[in-house]
Amino acid sequence: MAKTLIVAEIQKGQLREATLELVTAARKLGGEVASLVIGSGIGGVAEELSKKGGGRVLVADDPSLANYNVDGWTRAIRKAVDAEKPELILISNTPIGWDVAGRVAAQLDCGVASDVIRIEPEGGDLVFVRRMFNAKFDARLRVAGTPRLATMQPGASEAYAGSDAGSVAKLDGVGGDARTKFVEIRTAPAGGHDLTKAEIIVSGGRGLQKPENFEAVLKPLVDALGAQMGASRPVVDAGWLPHEYQVGSSGQIVSPKLYVAVGISGAIQHLVGMKNSNFIIAINKDADAPIFEVADVGIVGDLFEIVPALATAVKAAKGG
Ligand SMILES: Cc1cc2nc3c(=O)[nH]c(=O)nc-3n(C[C@H](O)[C@H](O)[C@H](O)COP(=O)(O)OP(=O)(O)OC[C@H]3O[C@@H](n4cnc5c(N)ncnc54)[C@H](O)[C@@H]3O)c2cc1C
């Protein structure tokens, strides 16, 4: 494996955890690592990445890059590719990654593997692994030609914890016009349902089948345990519960003492949000559901039988 170029992301002035996960993935391949940091006034973040395994860190620093725009990022990535000549370009599978990866690939005329969870060297080539059909299958992809580009699922690797010293170099000629104009970032108003501080969470997924079942089936267990209710994304997307109930990569990241996952398959985007819980109980009728990979206790069976029985048992144990 020759060289990997990591495209870093900064959020609220900080290096994103997802970028350090790209460092882990790149370093596992064993080749040289270079990184690109894009923004304005970002020298400190570039220095930090160079000390956290980012290798040779190129800095695309220009006032026109203060906020994300696809033209500016594409220009900067192309300059970095010209300078470093990587075999592989790694971008996080985030809203920025989804937007810029296709544009860069089209301009470089290179192949893309998106939403990748793992990259494996195989016979002098690379195999990109991505989950399909709610994690029931792993697809193994090869991408022809170089450079090749992959977007990696946040949470799929550990954040790099090494402290290898790299270097920082300025990338010139990265400023310029953009055909989109940054207007504002709107943050959703903080709701009263802050799962990040909850000690016990009982989350329901699509397995509950309809919104009424959250009240009729899940709520008695939530109340018996003195827990807060959480949910998977499809539940929220369907409007069964408000967005602030969502646990996962595009919802809340939680680490309660106890997390009970009910009728949730355990897609990587959900696991990212709850896998650091102290103790995990999963209830699912499918013994092969990936949620069982992170569960301390797994119950294979019909939630409509198990959850009411559990609620009754908890109430009885508490003397209620
Ligand atoms: C960019 C992106 C971001 C995402 N962000 C998030 C996120 O933040 N959070 C999130 O949760 N998802 C997220 N997703 C969606 C994620 O990929 C999955 O689609 C989602 O987590 C699946 O939700 P689920 O487990 O409730 O539903 P399903 O995958 O449909 O699983 C339902 C489960 O219920 C079980 N079941 C059904 N009936 C019963 C029964 N009677 N008793 C017991 N078990 C039963 C089934 O066996 C199945 O395992 C994201 C996806 C993308 C592409």
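The values are calculated or read from the model by the stated rules, or taken from the named source; none is laboratory data. Please read these numbers as outputs of a predicted model, since none were measured by experiment. Cβ: placed from backbone, ideal geometry, glycine included. Neighbour counts: every protein chain shown.
Looking only at segment 238-251, filter to residues that are within 18 Å of the chain's Cα centre (by Cα) and more than 8 Å from the ligand (Cβ to nearest atom); which one of those is surrounded by the fewest Cβ atoms within 10 Å (Cβ to Cβ)?
Initially, segment 238-251 is screened for residues within 18 Å of the chain's Cα centre (by Cα), giving 243-251.
Then keep just the ones that are more than 8 Å from the ligand (Cβ to nearest atom); that gives 243-245.
Numbers: H243: 16, E244: 18, Y245: 24.
Looking at the filtered set, the residue picked out is H243.
Which of the residues that make up segment 218-237 are more than 28 Å from A156 (Cβ to Cβ), surrounded by fewer than 20 Cβ atoms within 10 Å (Cβ to Cβ) and not charged (D, E, K, R)?
Listed by number, the residues that qualify are P220, A224, L225, G226.
Quick check: anything in segment 245-257 farther than 19 Å from F304 by Cβ, without any contact (Cβ under 8 Å) to a residue 12 or more places away in the chain and in a helix (DSSP H, G or I)?
No, that holds for no residue.
Scan segment 41-57 residue by residue and report those that are part of a loop (DSSP other than H, G, I, E, B) and over 21 Å from the mean Cα position of the chain (by Cα).
G41, I42, G55
Of the conditions (1) buried (at least 19 other Cβ atoms within 10 Å of the Cβ); (2) in contact with a Leu (Cβ under 8 Å, 6 or more places away or on another chain), K170 clears all except one; give me its number.
Only one criterion in (1) buried (at least 19 other Cβ atoms within 10 Å of the Cβ); (2) in contact with a Leu (Cβ under 8 Å, 6 or more places away or on another chain) is unmet by K170, namely (1).
Among residues belonging to segment 275-285 that are more than 9 Å from the ligand (Cβ to nearest atom) and not in a strand (DSSP E or B), point out the one that is modelled with the lowest pLDDT.
Looking at the filtered set, the residue picked out is N276.
Any chance you could count how many residues in segment 104-142 are over 30 Å from R206 (Cα atoms), charged (D, E, K, R) and at pLDDT 95 or above?
Residues flagged as over 30 Å from R206 (Cα atoms), charged (D, E, K, R) and at pLDDT 95 or above within segment 104-142 amount to 3.
Given the structure, is G207 at pLDDT below 95 and near the ligand (Cβ under 8 Å from one of its atoms)? Steps first, please.
Numbers: at pLDDT below 95: no; near the ligand (Cβ under 8 Å from one of its atoms): yes.
No.
If you go through segment 252-274 one residue at a time, how many are modelled with pLDDT of 95 or more and surrounded by fewer than 18 Cβ atoms within 10 Å (Cβ to Cβ)?
Total meeting the criteria: 2.
Taking the residues in segment 255-274 that are more than 11 Å from the ligand (Cβ to nearest atom) and among the hydrophobic types (A, V, I, L, M, F, W, C) as candidates, determine which candidate is nearest to N213 (Cα to Cα).
V260
Among the candidates I91, I38, single out the residue that is on the phi < 0 side of the Ramachandran plot, within 16 Å of the ligand (Cβ to nearest atom), assigned to a strand (DSSP E or B) and of a type in the set (A, V, I, L, M). It would help to see each step written out before you state the result.
Working: I38 fails: within 16 Å of the ligand (Cβ to nearest atom).
After ruling out the rest, the residue left standing is I91.
Specify which of the listed residues (V174, V183, V129) is over 28 Å from F279 (Cα atoms) and under 24 Å from the mean Cα position of the chain (by Cα).
Unique residue meeting the criteria: V129.
Can you tell me which residues in segment 58-96 are over 21 Å from the mean Cα position of the chain (by Cα), among the β-branched types (V, I, T) and within 24 Å of I117 (Cα to Cα)?
T74, I77, V81
Look through A101, A150, A139, A156 and report the one residue that is aliphatic (A, V, I, L, M), surrounded by 13 or more Cβ atoms within 10 Å (Cβ to Cβ) and over 25 Å from L49 (Cα atoms).
A139
Looking at A224, is it over 30 Å from N67 (Cβ atoms), within 15 Å of the ligand (Cβ to nearest atom) and not basic (K, R)?
Values: over 30 Å from N67 (Cβ atoms): yes; within 15 Å of the ligand (Cβ to nearest atom): no; not basic (K, R): yes.
No; evaluated as a whole, the condition is false for this residue.
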